[in-house]
Amino acid sequence: ELVEARAALDGVPEPPEPLRQDVEAIRASTDEAERRIEALAKAGYGSTGEVEGINAALLIARHGPDTIAAMAEGLAAKQPYLIYTPEAITNNQLTAVSFPIAAPVGTQLACAACRGEYESATFAVFALADVADLLVSVTDLTGPGGTIPAEAVDIRLVKCWYQAGRGIWPERDARLYVPELLLKDDALVRVDREERHNYLRSTPEGGEEAYVLCSAPTSEALEGVWPIDADELQPVDVPSRRLQQFWLTVHVPADARPGVYRGDVNLASRGGTKRLPFELTVRGFDLLPSRLIYSIYYRAKLSENGAATISSELRSDEQYRAELEDFLAHGVLYPTNYQGWDDARLPRVMQMRADVGLPTERFYNLGQSTGSPSGPEELAKLGAGVKKWVDYCRTFGYGEVYFYGIDEARGDRLAAQRAAWRTVQEAGGKTFVACYYKTFEAMGELLNCAVLAGRPDPAEAAKWHGVGSQAFCYAYPQVGNEEPETYRRNFGLVLWKAGFDGAMDYAYQHGFAHVWNDFDHKTYRDHNFTYPTANGIVGTIQWEGFREAVDDVRYVTTLEQAIEDAPAAKAAVAERARAWLDALDPDTADLYRVREEMAELIDELQ
């Protein structure tokens with residue numbers, strides 16, 4: 001790759017001024033790759049850091065010549081920007097200042113999905129000159145079944161801003177510039193690249209619009225902040241030598257006929273309009289529900305006065321409903337409940353869950369925890385409370401009702417709950433709690449759903465299954481890392497392969513000080529799949545990765561059922577499909593290719 005890249009670069013004539021720095025940057029990257037390869041050979045494959053450095057340099061080398069050629073063509077045609085078409089769910093971050101760009105120059109955008117499925121696609125614009133008022137839209141898509149309307153395609157821009165680290169803990173003095181937010185209006189968040197600060201737009205009703213610092217060590221300035229994103233995608237300016245990524249989410253209509261649908265993504269700016277062909281393939285089968293159960297710690301309650309708040313705890317009805325609808329759209333069908341019993345707001349919570357259409361097989365309740373009572377009166381009170389909750393949930397059609405133990409307890413603190421958990425079960429409820437390995441040895445069948453921290457272990461799942469209980473996963477990793485592929489892989493096929501029953505990661509939103517400021521807590525970064533606005537949410541790229549985890553499991557569920565239902569005439573195909581699944585390594589597999597192969601096998605088995 002390096003030899004080919006250097007040969008191609010050496011063949012580039014003296015570039016015009018707009019390209020000169022870019023050519024030199026790519027040449028320098030290939031020089032660095034050669035130095036690292038030499039060091040690797042001397043060190044006998046070297047350190048992990050060296051290997052990662054070589055991979056990055058090879059990626060740059062691979063795309064470098066194509067980038068230069070495309071730039072030259074763009075300049076010759078007086079095009080003000082290039083279009084790149086990376087995979088959407090990837091940990092290869094495209095920041096606004098990315099160059100060279102680790103993605104192919106694109107001439108078409110394409111994706112495939114089943115009826116009713118949501119699917120993400122993305123492209124990025126790299127400005128060769130200043131691009132003013134760039135507005136992206138999509139046409140209707142036409143195919144064998146007629147038309148899929150443009151309204152089925154949601155378009156947002158990816159916003160880069162500063163965050164305090166890569167994991168759940170802030171890194172010392174870190175201000176990492178990362179893509180994360182999915183916005184309709186780029187101006188909702190302003191970023192000062194020189195000072196490395198974020199500013200959030202506040203638009204209070206009847207007040208003046210203002211920008212508030214949301215990256216300081218404390219968040220006093222954010223008290224009363226009132227962010228509202230636009231309802232429709234707004235134009236954006238892309239300065240010269242900067243990159244802007246756009247994110248498309250297609251929701252395939254439930255009645256769409258299989259086949260290929262085609263339309264265009266239109267990019268209109270003051271410099272003219274450019275067309276990017278867009279192709280959607282609607283698959284010829286329907287996805288089954290996931291065999292894994294997807295829940296999440298959802299900490300929100302309705303506010304006492306019904307007002308909206310910008311926090312991770314209190315909600316207006318409008319905010320709460322928007323988040324429930326967001327769970328449904330992302331396949332997380334069993335979010336936990338934090339609303340308490342002695343509260344007039346509980347009926348509204350239950351009714352909203354019903355109205356949105358969340359299923360009712362199970363209800364994970366943190367509105368009442370088990371604690372560790374041991375005396376007869378305390379245990380009787382707990383049992384009565386459990387019966388009351390179970391009877392109430394039955395009126396909304398719920399089956400199993402789960403009650404939460406003491407979070408992450410170990411040793412004596414864990415064992416002290418034995419009487420309480422037995423009481424819950426005798427009263428008709430079930431138990432669940434976040435816990436660690438060795439909990440089985442202490443509690444066994446008294447815990448109906450163990451939410452286990454870290455990498456899922458098949459042997460651990462087998463223990464719980466042996467007593468009729470379930471094994472869920474959380475903290476692999478916890479919510480908040482701007483890594484879509486990590487969540488897709490770890491909470492999708494890795495979880496399925498380990499034989500786990502579900503996921504309940506922490507948390508949909510948890511602002512440890514202010515939910516919009518990643519820098520105001522010494523111990524933790526905020527755990528956010530989404531951010532609250534006055535009337536809804538702002539999504540993130542990592543939340544889209546989690547949706548793909550759910551969909552990967554829906555595909556494997558559909559394939560396993562197709563294998564089981566295969567007629568005798570398809571026995572050989574079924575055997576080949578089962579062998580392929582058995583050999584699948586979800587830690588290393590190309591998840592996009594795996595999705596395609598599963599779809600091909602399902603088609604063969606139909």
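Below is a table of values for the structure above.
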{"item": "Answer residue from region 200-218, given it is touching a Ser or Thr at 6+ places or on another chain (Cβ under 7 Å) and not acidic (Asp, Glu) and is most open to solvent (accessible area, probe 1.4 Å) among those", "result": "Ala210"}
{"item": "Asp582 vs. criteria open to solvent by 60 Å² or more (accessible area, probe 1.4 Å), within 30 Å of Trp161 (Cβ to Cβ) and acidic (Asp, Glu)", "result": "no"}
{"item": "Residue satisfying condition, being free of Cβ contacts under 8 Å to residues at least 24 places away in the same chain, under 22 Å from His251 (Cα atoms) and of a type outside the set (Val, Ile, Thr), within set Arg593, Arg578, Arg547, Arg554", "result": "Arg593"}
{"item": "Given (1) open to solvent by 10 Å² or more (accessible area, probe 1.4 Å); (2) touching a strand residue (DSSP E or B) at 6+ places or on another chain (Cβ under 9 Å); (3) at positive phi, number of the condition Gly468 does not satisfy", "result": "(2)"}
{"item": "Matching residues in region 169-189 - criterion: being under 20 Å from Leu94 (Cβ atoms) and either open to solvent by 60 Å² or more (accessible area, probe 1.4 Å) or among the hydroxyl-bearing types (Ser, Thr, Tyr) (or both)", "result": "Tyr177"}
{"item": "Residue in region 545-562 that is modelled with pLDDT of 95 or more, touching a Leu at 6+ places or on another chain (Cβ under 9 Å) and within 30 Å of Leu200 (Cα to Cα) present", "result": "yes"}
{"item": "Residue that is most open to solvent (accessible area, probe 1.4 Å), among those in region 526-541 that are over 19 Å from Ala164 (Cα atoms) and in a loop (DSSP other than H, G, I, E, B)", "result": "Asn535"}
{"item": "Residue in region 300-321 that is over 20 Å from Cys114 (Cα atoms), in contact (Cβ under 8 Å) with a residue 40 or more places away in the chain, in contact with a Gly (Cβ under 9 Å, 6 or more places away or on another chain) and in a helix (DSSP H, G or I) present", "result": "yes"}
{"item": "Given (1) open to solvent by 40 Å² or more (accessible area, probe 1.4 Å); (2) part of a helix (DSSP H, G or I); (3) in contact with a Ser or Thr (Cβ under 8 Å, 6 or more places away or on another chain); (4) not aliphatic (A, V, I, L, M), number of the condition Phe512 does not satisfy", "result": "(2)"}
{"item": "Yes/no for Leu233 being aliphatic (A, V, I, L, M), buried (at least 16 other Cβ atoms within 10 Å of the Cβ), touching a residue at least 12 places away in the same chain (Cβ under 8 Å) and in a loop (DSSP other than H, G, I, E, B)", "result": "yes"}
{"item": "Matching residues in region 408-450 - criterion: being surrounded by 19 or more Cβ atoms within 10 Å (Cβ to Cβ) and within 19 Å of Ala503 (Cβ to Cβ)", "result": "Lys430, Thr431, Phe432, Val433, Ala434, Cys435, Thr439, Phe440, Leu447, Asn448, Cys449, Ala450"}
{"item": "Answer residue from region 239-263, given it is charged (D, E, K, R) and part of a loop (DSSP other than H, G, I, E, B) and is surrounded by the most Cβ atoms within 10 Å (Cβ to Cβ) among those", "result": "Arg242"}
{"item": "2 or more residues under 29 Å from Tyr436 (Cβ atoms) and modelled with pLDDT of 95 or more: qualifying helices (runs of 4 or more DSSP H) within region 330-422", "result": "376-394, 411-415"}
{"item": "Region 264-295, subset among the small types (Gly, Ala, Ser) and farther than 25 Å from Trp543 by Cβ, residue surrounded by the most Cβ atoms within 10 Å (Cβ to Cβ)", "result": "Ser269"}
{"item": "Failed item, numbered, when Lys159 is tested on (1) touching a Ser or Thr at 6+ places or on another chain (Cβ under 9 Å); (2) buried (at least 21 other Cβ atoms within 10 Å of the Cβ)", "result": "(1)"}
{"item": "Members of region 264-284 that are more than 22 Å from Ile148 (Cα to Cα) and either β-branched (Val, Ile, Thr) or in contact with a helix residue (DSSP H, G or I) (Cβ under 9 Å, 6 or more places away or on another chain) (or both)", "result": "Thr273"}
{"item": "From Thr360, Thr336, Thr395, residue being among the hydroxyl-bearing types (Ser, Thr, Tyr) and in contact (Cβ under 8 Å) with a residue 40 or more places away in the chain", "result": "Thr336"}
{"item": "Exclusive hit being outside any strand (DSSP E or B), more than 18 Å from Lys497 (Cα to Cα) and within 25 Å of the chain's Cα centre (by Cα), set Glu544, Glu548, Glu604, Glu600", "result": "Glu544"}
{"item": "Which listed residue is farther than 30 Å from Asp587 by Cβ and touching a Ser or Thr at 6+ places or on another chain (Cβ under 8 Å), from Ala503, Ala419, Ala415, Ala427", "result": "Ala419"}
{"item": "Any chance Tyr476 is assigned to a loop (DSSP other than H, G, I, E, B), surrounded by fewer than 22 Cβ atoms within 10 Å (Cβ to Cβ) and in contact with a Lys or Arg (Cβ under 6 Å, 6 or more places away or on another chain)", "result": "yes"}
{"item": "Tabulated pairs, region 530-543, first closer than 17 Å to Ser311 by Cβ, second open to solvent by 10 Å² or more (accessible area, probe 1.4 Å) and of a type in the set (D, E, K, R), C-beta under 8 angstrom, 6+ apart or interchain", "result": "Thr530/Asp326; Thr533/Asp229; Asn535/Glu318; Gly536/Asp229; Gly536/Glu318; Ile537/Asp326; Val538/Asp229"}
{"item": "Residue match in region 191-199 (condition: in a loop (DSSP other than H, G, I, E, B) and surrounded by 15 or more Cβ atoms within 10 Å (Cβ to Cβ))", "result": "no"}
{"item": "Restricting region 372-407 to residues that are more than 19 Å from Asn337 (Cβ to Cβ) and among the acidic types (Asp, Glu), the residue that is least open to solvent (accessible area, probe 1.4 Å)", "result": "Glu378"}
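Residue-wise test of (1) part of a helix (DSSP H, G or I); (2) open to solvent by less than 10 Å² (accessible area, probe 1.4 Å).
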site	(1), (2)
Phe472	no, yes
Ala507	no, yes
His521	no, no
Tyr524	no, no
Asp552	yes, yes
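The values are calculated or read from the model by the stated rules, or taken from the named source; none is laboratory data. If you're wondering where the values come from, they're calculated on a predicted model, not measured in any experiment. Virtual Cβ from ideal backbone geometry, glycine too; neighbours counted across all protein chains shown. All accessible areas refer to the heavy atoms of the entire protein, side chains included, with ligands and DNA or RNA removed. Shrake-Rupley method; radii C 1.70, N 1.55, O 1.52, S 1.80 Å.
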